């Protein structure tokens, strides 16, 4: 099961409900690419990607969008993974 935190500018911020492993993270889908971004208390960090390699522009914008929506991303992560 997947929960969408926010669809923004063609980017979908996803939290996988059964993705039960730390560290806290979200997946950002842009086109056929999935970018994994780690959640810090007040920062974000690129981790990896699946699918076609995203451009640097796409990775940078994905980081900006997650950073701008960090509270919502953390809220969704904690809703499903608080025990971790």
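Normalised by the number of residues in the stretch 2-81, the average gap of Cα pairs under 8 Å and 6 or more apart makes the relative contact order 26 percent.
Taking every DSSP helix (H) stretch of at least 4 residues in the chain, weighting each as -39,500 (n - 2.57) and dividing the sum by the residue count yields a mean residue ellipticity at 222 nm of -9500 deg cm²/dmol. Sorting 27, 81 from the fewest to the most surrounding beta carbons within 10 angstrom yields 81, 27. Averaging the inverse of every distinct alpha carbon separation and then flipping it gives the Kirkwood radius. What is it for the chain, in angstrom units? With all distinct Cα pairs of the chain included, I get 12.5 Å.
Ranked by how many other Cβ atoms sit within 10 Å of their own Cβ, fewest first, the residues 13, 63 fall in the order 63, 13. Here the label points at residue 71 and residue 55, each 7 Å from Cα along the C-beta direction, are separated by 3.2 nm in the simple model. Relative to the longest principal Cα axis of the chain, at what angle does helix 70-81 sit, 0 to 90 degrees, rounded to 10? Around 50 degrees separate the two axes.
None of the figures in this text is laboratory data; all of them are computed from the coordinates on show. Predicted, not measured: the structure shown is a model, and the values here were computed from it. So basically every Cβ, Gly included, is an ideal-geometry build from the backbone, and we count neighbours across all protein chains shown.
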